[in-house]
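The values are calculated or read from the model by the stated rules, or taken from the named source; none is laboratory data. Bear in mind that the values here come from a model prediction, so they are computed numbers and not experimental data. Methodologically, a virtual Cβ is constructed for each residue, glycine included, from the backbone with ideal geometry; neighbour enumeration extends over all protein chains shown.
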Amino acid sequence: MAIPSEKKKYSYADYLTWNEGERIELIDGEIFNMSPAPSRRHQQVLRELATAFSVFLRGKECEVFFAPFDVRLLADNKRDDEINNVVQPDLSIVCNKEKLDDKGCKGAPDMIIEILSPSSVKLDRWEKYQLYEKADVNEYWLVDPVNNSVEVYLLIDNQYKFQGVYTKEDTVSVHLFPDFKLDLNQVFE
């Protein structure tokens, strides 16, 4: 079934009936189209981040997933027709295996990384920022592949607190994993 164009609120149950080939997200029941495909640079940065996290997490309890991977937020004890927040973050790190099922993640990942694209800046910086904060995602990174920078936000007392901006010359600590330091020069090669 094609993705509807009329304005109304939709649920995850509706989402499951739409064409698989189209990447969309639902925030508060509103459709956000993820087309067109990300740029080559976006995908290069995603590849390097996914590789670094995958290697670090090998053999550990937490897992890294990359888009397209459905994350159903604010979904605890809700049926599919009651869930109205479905996103596909560029990277999701999930440490609680009970949140994982064959459809993706039901609940908040421990960490989310979004890589900015010209078409997604407002969505990532405002809509998703607020949604992730409300859903209790502990650590949120905004990666800018044009300016080779990473902004880090930590959830403290139910609000995101800005931790800093890191550039290609920096090594950034992953707060979720204190023994993991990420060399941004490798990410932004």
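Test residue 17 against the criterion of being closer than 19 Å to residue 102 by Cβ and either surrounded by fewer than 17 Cβ atoms within 10 Å (Cβ to Cβ) or modelled with pLDDT of 95 or more (or both), and give yes or no. Against the criterion (closer than 19 Å to residue 102 by Cβ and either surrounded by fewer than 17 Cβ atoms within 10 Å (Cβ to Cβ) or modelled with pLDDT of 95 or more (or both)), residue 17 qualifies.
Yes/no per residue for (1) in contact with a helix residue (DSSP H, G or I) (Cβ under 7 Å, 6 or more places away or on another chain); (2) surrounded by fewer than 13 Cβ atoms within 10 Å (Cβ to Cβ); (3) farther than 18 Å from residue 123 by Cα:
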{"site": "29", "(1), (2), (3)": "no, no, no"}
{"site": "37", "(1), (2), (3)": "no, yes, no"}
{"site": "45", "(1), (2), (3)": "yes, no, yes"}
{"site": "53", "(1), (2), (3)": "no, no, yes"}
{"site": "62", "(1), (2), (3)": "no, no, yes"}
{"site": "69", "(1), (2), (3)": "no, no, no"}
{"site": "85", "(1), (2), (3)": "yes, no, no"}
{"site": "92", "(1), (2), (3)": "no, no, no"}
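Name the residue that is surrounded by the most Cβ atoms within 10 Å (Cβ to Cβ), counting only residues in the stretch 104-144 that are modelled with pLDDT of 95 or more and in a loop (DSSP other than H, G, I, E, B). For the stretch 104-144, the residue satisfying everything is 109. Listed here are the strands (runs of 3 or more DSSP E) enclosed by the stretch 12-66 that have at least 3 residues being without any contact (Cβ under 8 Å) to a residue 60 or more places away in the chain and either among the acidic types (Asp, Glu) or closer than 24 Å to residue 131 by Cβ (or both): 30-33, 63-66. Within the stretch 137-156, does at least one residue satisfy the condition of being of a type in the set (Val, Ile, Thr), touching a helix residue (DSSP H, G or I) at 6+ places or on another chain (Cβ under 6 Å) and closer than 12 Å to residue 73 by Cα? Checking the stretch 137-156: not a single residue is of a type in the set (Val, Ile, Thr), touching a helix residue (DSSP H, G or I) at 6+ places or on another chain (Cβ under 6 Å) and closer than 12 Å to residue 73 by Cα. Assess whether residue 92 counts as being in contact (Cβ under 8 Å) with a residue 60 or more places away in the chain, among the small types (Gly, Ala, Ser) and within 25 Å of residue 42 (Cα to Cα). No; evaluated as a whole, the condition is false for this residue.
Here is the figure for the stretch 145-171: residues that are part of a strand (DSSP E or B), touching a Phe, Trp or Tyr at 6+ places or on another chain (Cβ under 6 Å) and not hydrophobic (A, V, I, L, M, F, W, C) total 2. In the stretch 65-74 there is at least one residue that is modelled with pLDDT under 95 and of a type in the set (Gly, Ala, Ser). The listed residues are 169, 133, and the only one of them that is touching a strand residue (DSSP E or B) at 6+ places or on another chain (Cβ under 6 Å), more than 19 Å from residue 56 (Cα to Cα) and among the acidic types (Asp, Glu) turns out to be 133.
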